[in-house]
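Following: one structure in structure tokens, then a few remarks.
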Amino acid sequence: MSLLIPKKCLHFLLIRPSGNPIEAEGFEKINSGDVVQEKAEISKIHRLEFLSGDIVMCIFTLGSKFTYKGTPDDDLPTVTSIFKKVNNVWKIHWMQRSTGNSDLSLWD
């Protein structure tokens, strides 16, 4: 998810699959050394809803292939996110990431 780093709000918060929250500074630290991102792309948008003129909720599936501390991972999590318009630019304010399972045969 390193592609998201420049697009986050100052008060960004990510809830990881473990339930542990991580703020912007911790997210940047993890993605600056421990994570080597090979691929990160939205493969499906499940819902996109404007909650107001400057707040949007988006639920999407993220295809992500990366190495974390030398361990490769090919992930397909579903992400719930809230985007906030800041100075006319959409930024990620909040995200909650599911565990990623790349076996699509398990999906309904």
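The values are calculated or read from the model by the stated rules, or taken from the named source; none is laboratory data. From a predicted model like this one, the values you see are computed outputs, not experimental measurements. Cβ atoms come from the backbone with ideal geometry, glycine included; neighbour counts cover every protein chain shown.
Cβ-Cβ below 8 Å, separation at least six or inter-chain, first residue in the stretch 19-30 and surrounded by 13 or more Cβ atoms within 10 Å (Cβ to Cβ), second among the charged types (D, E, K, R): which pairs? Listed by first residue and then by second, the contacts come to I22/R16; A24/K8; F27/K8.
Elements of the type strands (runs of 3 or more DSSP E) sitting completely within the stretch 1-66 and holding at least 1 residues that are at pLDDT 80 or above and either over 18 Å from P77 (Cα atoms) or of a type outside the set (V, I, T) (or both): these cover 8-15, 35-52. Residues in the stretch 52-64 that are free of Cβ contacts under 8 Å to residues at least 24 places away in the same chain and not hydroxyl-bearing (S, T, Y): I59, F60. Taking the criterion of being over 20 Å from V36 (Cα atoms) and part of a loop (DSSP other than H, G, I, E, B), the residues of the stretch 74-97 that qualify are N87, N88.
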